[in-house]
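Report on the following structure.
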Amino acid sequence: MKTFLTILMITLSLFLGRADVGFARNSNYEDCVLEALKTAETTYEVNVVQRLCRNKFPSKEKYVPPEPRKKYEPELDRNGLEMCRVTPQGNGWEYLTKERLQTLKNMAVFELEKTSGQIASVHLPRKNRNDSELKKLTEWLLSEGRSIFNVCRRYHSGRRIYG
């Protein structure tokens with residue numbers, strides 16, 4: 001019953017312009033809340049005070065929603081599938097974004113193609129290689145094919161989820 005009377009008193013003082021609770025003397029939201037909280041005894045009363053003071057002193061700042069994330073649109077290869085570009089990194093492979101690719105100089109490009117038509121461009125440092133070295137390189141790239149395509153798959157699935 002006491003809570004009801006307190007809320008009624010706060011409401012009446014706001015609408016009738018009385019200064020009993022301190023609303024009429026205040027010139028801003030913060031002062032209004034601080035003055036009214038002196039008489040509030042419960043969480044409910046605090047919430048009512050905040051709401052009433054916000055009605056009396058509306059916020060001048062407008063809510064600006066965040067910009068929506070752009071939909072991920074992958075770069076496509078010549079077969080219309082997601083582009084796969086990698087370079088050796090440590091003991092594994094690193095996906096090459098367009099930006100990273102522009103920083104690399106003097107690279108040789110080798111392509112692997114899956115039976116599904118997906119193409120992986122493998123960027124390796126350019127060297128003069130004889131036929132036997134090229135054969136070893138080709139065998140190595142073919143043996144690494146699954147891990148190369150997995151790097152690309154993980155990259156694209158992460159981009160679709162997280163943008």
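Just so it is clear, none of the values below were taken in a lab; they were calculated from the coordinates. Just so it is clear, the structure is predicted and the values come from calculations on it, not from any experiment. Backbone-built Cβ (ideal geometry, glycine too); neighbour counts: all protein chains shown.
Just subtract the alpha-carbon distance of GLU73 and LYS38 from 0.36 nm times their residue separation and send over the number in nm, one decimal.
Gain in length upon complete extension: 7.0 nm.
Could you list SER121, SER116 so that the one with the fewest beta carbons within 10 Å of its beta carbon is first and the one with the most is last?
SER116, SER121
Given R₀ = 41 Å, FRET efficiency for THR103-VAL64 by Cβ-Cβ distance, to 0.05?
The calculated FRET efficiency here is 0.70.
Under the classification rounded if a/c is under 1.5, otherwise prolate if a/b is larger than b/c and oblate if not, where does the stretch 13-147 fall, given a ≥ b ≥ c as square roots of the Cα gyration tensor eigenvalues?
prolate
Checking the cross-link filter: which aspartates and glutamates have an alpha carbon closer than 19 Å to that of LYS98, excluding same-chain neighbours under 8 positions apart?
Straight-distance partners of LYS98: GLU73, GLU75, ASP77, GLU82, GLU111.
How much net charge surrounds GLY117 when only the other residues with a Cβ under 14 Å from the Cβ of GLY117 are counted, with Lys and Arg +1 and Asp and Glu -1?
-2
Given axes a ≥ b ≥ c from the Cα gyration tensor, I'd like to know whether the stretch 84-162 is rounded (a/c under 1.5), prolate (a/b larger than b/c) or oblate.
It is oblate, given that a/c is not under 1.5 and a/b is not larger than b/c.
Under the 0.36 nm per residue contour assumption, what length would be gained going from the current alpha-carbon distance of GLU133 and LYS114 to full extension?
Taking 0.36 nm per residue and subtracting the Cα distance, the gain is 4.5 nm.
Tell me which aspartates and glutamates have Cα within less than 17 Å of LYS38's Cα, excluding those fewer than 8 residues away on the same chain?
Those aspartates and glutamates meeting the cut-off are ASP20, GLU30.
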